[in-house]
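Notes follow the structure.
Laboratory data are not the source of any read-out in this text; all were calculated from the coordinates shown. This structure is a prediction, so every number in the text was calculated from the model and none was measured. Cβ: placed from backbone, ideal geometry, glycine included. Neighbour counts: every protein chain shown.
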Amino acid sequence: MARKGGLGKGLGALIPGESSQNESGVISLPVDQIKPNPRQPRTEINEANLQELAESIREHGVLQPVLVTTEPGKDEYYLVAGERRLRAAKLAGLEMIPAIIRPVSEQERLELALIENLQREDLSPLETAEAYQQLVEEFGLRHEDIAIRVGKSREAVSNTLRLLNLSEEAKKALQNGEISEGHARALLGLHTETAQNTVLKVIREQGLTVRQTEELVRKMSGERPLKQHKRGPSPEIQEYEEQLRTRFGTKVSIRHGQKGGSIVIYYYSEEEFDHLLNQFLGHP
C-alpha cells in the first residue's frame, strides 16, 4: 500500500486501501503495484536512454510524478503516463515512486499516453499512426478531433494515418530507419504491395533520395515525368512548393516555364479531396 498521509479533496474514493495523497495531489506508490498501460502506443524504448534516466533518478530522484488510475473493485493501479520514468525507477532500484491518481476512461488512457510521447517525440511514425487509428476505430474520433487533442493539424494527422497503407515490408523498413517518412509517403503513390516493394528494393540498392523516389513512383504509376530543367527548379520555386505543401498538408508540385505553367496538388483519399475543396471554395 502507499504511505499514509492526508487525502486530497475528493480523492479518497479513488484510492483503494490506505493510499494517501498530499495537498499537491502527489502520493507515493510502490512501483510493483503499478500495472502497465494497456493503451501505451509505444512498442520500443531505447535501452541506453533508459539507463541514462535510471542514473539520473539514482542521483536526483523522480522529479515528475507518473499518472495512474484505478478500476472499481480492483486494488491495483494502472499507469496512464510516465512509462519511461516507471521503468527507469525500477532499474534504479526504487521501491516507491511519486504518482498522481486520476480517474480516466479507456479513450483518455490512450490519448494521454499518446500526447506524452508526442511531446517528447518518443513515438515512431508508425506507432503514432496506429494510435491515431485506435482513436478512429474504437472511439469514433474524426481526424479533426484527433488533431485538436494532440496539437497537430488535421492534414498532419491524415498524412500520418496514410502510413498504415504501406506494404508490410515498407512498414518494417520505416520502423527500422532504413527509409525516411518522406520515402514512405512517396511509396504511398503506388497502390499495390508488389509495386511498393519493388521501389523499396531500388531505394535500398541505389540509395535514392526522396525526390528521386517520387520521380520513380510517378513513372511506375503511369504519370508523365516532370520536365527537369538542367539546373533543376530554382530555389524560389522550391520554397513556394514547400510553403504550399505546409499550407495544404500534401504534396504540391510547381511546373514553371517562361510562358506559364501549372500547380499540381495531390490528394490520396475522398476525405482529403473534400477538405481541399472546402479550402478552395471557402467553406467552413
If you wrap a convex hull around the Cα atoms of segment 229-284, how much volume per residue is inside, in Å³? 93
Taking the Cα atoms of segment 124-243, report the difference between the largest and smallest coordinate on each principal axis, in whole Å and largest first. 50, 34, 25
Just want to confirm a number: the relative contact order over segment 229-284, from Cα pairs under 8 angstrom separated by 6+ residues, in percent. 20
Using only the C-alpha atoms of segment 179-225, find the volume of their convex hull and express it per residue in Å³. 60
Given pairs K201/K251; K171/K201; K152/K251; K172/K201; K90/K171 and cut-off 21 Å on Cα-Cα distance, the over-length ones are K201/K251; K90/K171
Ellipsoid semi-axes in whole angstrom, largest first, where each is sqrt(5λ) of the Cα gyration tensor of segment 59-112: 22, 12, 9
H256 versus V202: modelled label distance in nm, points set 7 Å from Cα along the beta carbon direction: 2.7
